[in-house]
Ligand SMILES: [Zn+2]
């Protein structure tokens, strides 16, 4: 599908943007999502790079995931609207998309990763109550799961490691108590994210 991109230089150009992408058949998109070059377009007039966050559906059948990616700009509209695309998980914003794709690629449970982010953010907020802090999945090894927190110090990422044991304990807790307060708080209809806990009152 061709979509219009307007550049501050005054030029409007057409960008090729798929509405639905099958990641099993087109694995090159996984790399692009992870390295931030996905849906990145260059203005033919001035050479400026544009990342417009077009909405897109990602189908990853081998991992049993179908994701609807909405632009960050539609976050408010998502909370206001009442209906969801059935059977599709919602993700809002390209940074969250890259985060979730990495979690799925590494065969981790997204709901457990979001729970661990909540634990880390709750702790960081005790120390830095006035900061707006975000937590991102970074990777895993035998010892545990690495998260990066931004917003504590300008331009710096804080590296936090969660032991594998806590990941597994949280998986177990989710298996046994799906309706526990923390897991419910992570969900808003088709959207599961730690962002649901930190959303402003206007979106509740
Ligand atoms: Zn331009």
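The values are calculated or read from the model by the stated rules, or taken from the named source; none is laboratory data. Small disclaimer: the values here were computed from a predicted structure and weren't measured. A quick note on method: Cβ atoms are made from the backbone with ideal geometry, for glycine too, and the neighbour counts reach across all protein chains shown.
Of the set (1) surrounded by fewer than 18 Cβ atoms within 10 Å (Cβ to Cβ); (2) closer than 17 Å to residue 36 by Cβ; (3) at pLDDT 95 or above, all apply to residue 96 but (1).
Listed conditions (1) surrounded by 13 or more Cβ atoms within 10 Å (Cβ to Cβ); (2) on the phi > 0 side of the Ramachandran plot; (3) within 16 Å of the ligand (Cβ to nearest atom) are all met by residue 53, apart from (3). The number of residues in the range 21-52 being assigned to a loop (DSSP other than H, G, I, E, B) and in contact with a helix residue (DSSP H, G or I) (Cβ under 6 Å, 6 or more places away or on another chain) comes to 3. Inspect the range 76-88 for any residue being within 16 Å of the chain's Cα centre (by Cα) and free of Cβ contacts under 8 Å to residues at least 60 places away in the same chain and give the result as yes or no. No, the conditions are met nowhere in the range 76-88. Of 154, 98, 202, 102, all but one fail to be in a helix (DSSP H, G or I) and over 17 Å from the mean Cα position of the chain (by Cα); the exception is 202.
Scanning the range 184-195 turns up at least one residue that is in contact with a helix residue (DSSP H, G or I) (Cβ under 6 Å, 6 or more places away or on another chain) and in a helix (DSSP H, G or I).
Residue-wise test of (1) at pLDDT below 95; (2) touching a helix residue (DSSP H, G or I) at 6+ places or on another chain (Cβ under 7 Å); (3) in a helix (DSSP H, G or I).
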position	(1), (2), (3)
126	yes, no, yes
135	no, yes, no
139	no, no, no
148	no, no, no
165	no, no, yes
175	no, no, yes
179	yes, no, no
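Residues that are outside any strand (DSSP E or B) and modelled with pLDDT of 95 or more within the range 4-17 comprise 7, 8, 9, 10, 11, listed in sequence order. Test residue 134 against the criterion of being free of Cβ contacts under 8 Å to residues at least 12 places away in the same chain, surrounded by 15 or more Cβ atoms within 10 Å (Cβ to Cβ) and in contact with a strand residue (DSSP E or B) (Cβ under 7 Å, 6 or more places away or on another chain), and give yes or no. So residue 134 fails the test. Here the range 1-20 is the region considered, the condition is being within 20 Å of residue 93 (Cβ to Cβ) and out of contact with any helix residue (DSSP H, G or I) (no Cβ under 9 Å at 6 or more places or on another chain), and the residue that is nearest to the ligand (Cβ to nearest atom) is 5. Give me a count of the residues in the range 179-201 that are free of Cβ contacts under 8 Å to residues at least 60 places away in the same chain and either exposed (fewer than 11 other Cβ atoms within 10 Å of the Cβ) or at positive phi (or both). Residues flagged as free of Cβ contacts under 8 Å to residues at least 60 places away in the same chain and either exposed (fewer than 11 other Cβ atoms within 10 Å of the Cβ) or at positive phi (or both) within the range 179-201 amount to 4. Selection over the range 30-61 of residues that are touching a residue at least 12 places away in the same chain (Cβ under 8 Å) and either in contact with a strand residue (DSSP E or B) (Cβ under 7 Å, 6 or more places away or on another chain) or over 24 Å from residue 88 (Cα atoms) (or both) gives a count of 14.
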